[in-house]
1. Using θ = phi - 60° and the Karplus form 6.51 cos²θ - 1.76 cosθ + 1.60, what ³J(HN,Hα) does each residue of region 48-54 get, whole Hz, x for Gly and Pro?
2. Just to confirm a number: summing +1 for Lys and Arg and -1 for Asp and Glu over residues other than Gln48 whose beta-carbon lies under 13 angstrom from that of Gln48, what do you get?
3. For a test of the definition: using alpha carbon positions, the gyration tensor, and the 1.5 limit on a/c, classify region 36-99 as rounded, prolate or oblate.
Amino acid sequence: MMILRQFSALCLAAACLAPAAVAATTETPGTLKDLQTVGSTTKKQKKQQYDLVIDTQSNEYVCRTKLGEKVKATDWVIGSSLQFKLSGQNGEATTIDNKHVKCGVVRVAPVAAVAPAQ
């Protein structure tokens, strides 16, 4: 009987925590605010990493490209529109020209509201 009670408690705890463990995927339009290189290349690691700064309606995301992923910097024009897909700590940015890059979110900040001029 004791084992059954413990098993029931464990199942109840798992059911309560399951929705929090599943990361919702959201896709939102955004603007590429900045593109910066990260670190430097070496003989072993020849592909440059980048930080993409993406503004959406609600947040500003800094998303770092995966190590070893090839990114052509000229495909990412500052100020251009893009689609940003977010799933937990993972992001994916896609340009209008269908160029895409997977990245890891390293910073999130709310977009500052601009005060009206007086």
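1. The phi angles translate into 6, 8, 10, 9, 9, 9, 10 Hz.
2. Working: positive: Lys46, Lys47, Arg64, Lys66, Lys70, Lys72; negative: Asp51, Glu69.
Cβ neighbours under 13 Å give a net charge of +4.
3. Numbers: a/c = 2.06, a/b = 1.61, b/c = 1.28.
Judged from the Cα gyration tensor, region 36-99 comes out prolate (a/c at least 1.5, a/b above b/c).
Since every read-out is calculated from the coordinates, none of them should be taken as a lab result. Note that the structure is a prediction, hence the values are computed from the model and not measured. Because the Cβ atoms are built from the backbone with ideal geometry, glycine has one as well, and the counts that use them run over all protein chains shown.
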